[in-house]
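Structure first, then comments.
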Amino acid sequence: MSEIKKGLSRRTFLKGTGAALAGAALGGKFATQGIFAPNVVRAQAEVVLAVQEFTHDILRQVLPQFEEETGFTVTLEGGPVSGNDMLTKYSTAFASGSSPIDVFSDADDSSPTFMRAGWLEPLNDVIPQETWDDFPPSMQPHIDGFLSIEGERYRIPHEFAVGYFFTRKDWLDEQGVAAPTSWDEVVEIGKMFADPANGVWGTTDGLVKPALLYVYMAYLTAQSGGSIFDFDEATGEAFQFLYDMIHTHQIFPEDALNQDYTAQNELYMGDKVAFMRQWPFFQAVAEGNAEWYADDKMVIELPPAGPAGSKSWIGGWGWSIPKFAPNMEGAKALIQFLTSKEIAPILAEQQGFLLTPRYSILEVLPEDDPLVQAMTLYAENDVFAARPFHPRVAEAQTVVDDMASLFLTNQASLSDVLRQGQQLIADLDE
């Protein structure tokens with residue numbers, strides 16, 4: 001058995017994630033609870049599950065088992081693609097004491113707002129202790145920082161998200177060059193491939209507001225060594241680097257400011273991009289495009305290093321239950337089922353958006369799985385950086401979105417947006 005399958009080096013990965021999140025607060029202890037038991041509930045009733053649509057086909061493979069064992073029926077609904085969209089879609093209903101859904105996939109940047117508003121059902125007495133114990137100790141700071149308040153857990157992770165650096169190795173090999181390892185090389189190698197007149201670019205990302213521009217700015221700021229919500233000098237370096245890629249070097253499409261991840265992925269799979277940052281779910285999306293996919297078209301390499309090194313921040317999504325779920329009994333049964341040590345690995349094998357570094361999951365993934373290999377590579381090279389935290393994180397991210405947009409579209413100078421950003425964050429802290 002390989003070292004990865006034995007323990008996550010696997011062991012190295014677990015250590016690496018812990019180091020990245022060491023600054024987060026620790027939470028409380030939990031009583032041992034029973035695991036999900038089939039044939040306990042027998043009540044014909046609908047359970048509405050909201051999650052991004054690209055997971056629906058995979059979920060449909062396991063939901064019949066849940067329906068057979070419980071008597072509930074599950075209806076899948078498309079979920080928002082960002083935390084800001086989550087707040088827009090559900091806050092009004094939750095604030096009125098109602099909910100259109102029973103279980104939903106929620107993001108790091110929206111769940112703190114939902115938790116503090118008292119709109120989520122506590123999961124301490126819902127998720128069995130053996131499921132919590134299936135997460136390595138290195139995940140604990142993230143769970144306590146973004147999924148809990150004072151030891152009370154309101155969300156359970158189903159995705160460990162880090163921005164991976166996907167490269168067209170086939171293109172690089174044809175030119176006799178390696179993947180870029182620094183910001184300077186991003187520009188140098190990007191120019192070798194960029195052909196703006198024909199819509200071909202060195203790199204790209206989805207930067208549409210709300211939230212996606214923030215994601216990429218936080219990625220670059222981790223590499224520059226900045227504290228993005230402080231709008232410090234190193235944050236300014238990240239802003240300037242993206243500006244230069246777009247306007248000065250023309251290796252990054254300005255249209256990306258109006259594009260989401262679907263458009264970004266289509267550009268890459270349309271043979272228009274040499275390398276890019278993207279979340280793990282892209283692995284499954286690309287593999288599903290059988291006519292296009294080949295191993296050397298999307299090799300994951302280390303992120304190009306900025307002044308602070310090769311870094312990429314981690315975050316994730318997880319399952320939550322609204323406090324006003326119409327079918328609370330069904331919601332609790334479903335969340336137990338989806339996160340059980342039996343079902344979670346089945347889902348993770350087929351979709352990176354449903355992959356977390358749980359022991360039960362890593363035991364079943366093949367040693368040559370690209371995402372397992374990438375996790376280990378990034379851990380061994382100390383790539384993982386903690387997700388920037390702010391008590392009002394969704395609003396703080398909007399400030400970054402707005403200030404970066406003003407600068408990138410030539411509506412304000414860098415010094416102006418850094419100064420205004422600092423003031424807007426200070427206003428949130430009052």
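Only the coordinates and a few stated rules stand behind these numbers; no lab work does. Source: prediction; values computed, not measured. Here the Cβ positions follow ideal geometry from the backbone for every residue, glycine too, while neighbour counts run over all protein chains shown.
Quick look at the numbers
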{"quantity": "Neighbourhood charge, 12 Å Cβ-Cβ cut-off, centred on residue 200 and excluding it, Lys, Arg +1 and Asp, Glu -1", "calculated": "+1"}
{"quantity": "Whole-Hz couplings from phi, Karplus 6.51/-1.76/1.60, listed for the stretch 180-188; x for Gly and Pro", "calculated": "x, 10, 8, 4, 4, 6, 4, 5, 4"}
{"quantity": "Shape metrics for the stretch 245-302, restricted to C-alpha atoms - Rg then Dmax, Å", "calculated": "12.0, 36"}
{"quantity": "Average projection area in nm² (convex hull over Cα atoms of the chain, one quarter of hull surface)", "calculated": "20.3"}
{"quantity": "Residue order, fewest to most surrounding Cβ atoms within 10 angstrom, among 96, 312", "calculated": "96, 312"}
{"quantity": "Cα-Cα separations in the stretch 219-362 greater than 24 Å, expressed as whole percent", "calculated": "51"}
{"quantity": "Net charge over other residues, Cβ less than 15 angstrom from the Cβ of residue 274 (K, R count +1; D, E count -1)", "calculated": "-4"}
{"quantity": "In Hz, Karplus ³J(HN,Hα) per residue of the stretch 298-310 (6.51, -1.76, 1.60; θ = phi - 60°; x = Gly, Pro)", "calculated": "8, 8, 7, 10, 5, x, x, 7, x, x, 9, x, 8"}
{"quantity": "Relative contact order %, the stretch 296-368, counting alpha carbon pairs below 8 Å whose residues are six or more apart", "calculated": "16"}
{"quantity": "Ranked list, fewest to most other Cβ atoms within 10 Å of each Cβ, for 89, 191", "calculated": "191, 89"}
{"quantity": "Additional length obtainable on full extension of the chain from residue 173 to residue 254, 0.36 nm per residue less Cα span", "calculated": "26.4 nm"}
{"quantity": "Within the stretch 381-416: backbone nitrogen closer than 15 Å to the residue 233 label point (7 Å, Cα to C-beta)", "calculated": "415"}
{"quantity": "Shape box of the stretch 321-430 [Cα atoms, principal axes, largest first, Å]", "calculated": "53, 44, 24"}
{"quantity": "Simple spin-label estimate for residue 73 and residue 368 in nanometres, 7 Å along Cα-Cβ", "calculated": "4.3"}
{"quantity": "Amide hydrogen neighbours beyond the local backbone of residue 47, cut-off 5 Å, H modeled", "calculated": "73, 74, 75"}
{"quantity": "Under 5 Å, built H, 5+ apart or other chain: amide partners of residue 317", "calculated": "158, 159, 161"}
{"quantity": "Summed side-chain charge close to residue 412 - residues other than residue 412 whose Cβ falls under 14 Å, Lys, Arg +1, Asp, Glu -1", "calculated": "-2"}
{"quantity": "Using θ = phi - 60° and Karplus 6.51 cos²θ - 1.76 cosθ + 1.60, couplings along the stretch 84-91 (whole Hz; Gly, Pro as x)", "calculated": "4, 5, 4, 4, 5, 6, 10, 4"}
{"quantity": "Magnitude of the charge dipole, the stretch 95-225, Cβ model with Lys/Arg +1 and Asp/Glu -1, debye to 20", "calculated": "440"}
{"quantity": "Kirkwood Rh in Å, taken over all unlike Cα pairs in the stretch 51-124", "calculated": "13.7"}
{"quantity": "Sequence-distant aspartates and glutamates (8 or more away, or on other chains) whose Cα lies within less than 16 Å of residue 297", "calculated": "170, 173, 174, 266, 271, 287, 369"}
{"quantity": "Difference of contour (0.36 nm per residue) and Cα-Cα distance, residue 292 to residue 413", "calculated": "39.4 nm"}
{"quantity": "Nitroxide proxy distance, nm - points 7 Å out along Cα→Cβ at residue 91 and residue 188", "calculated": "4.6"}
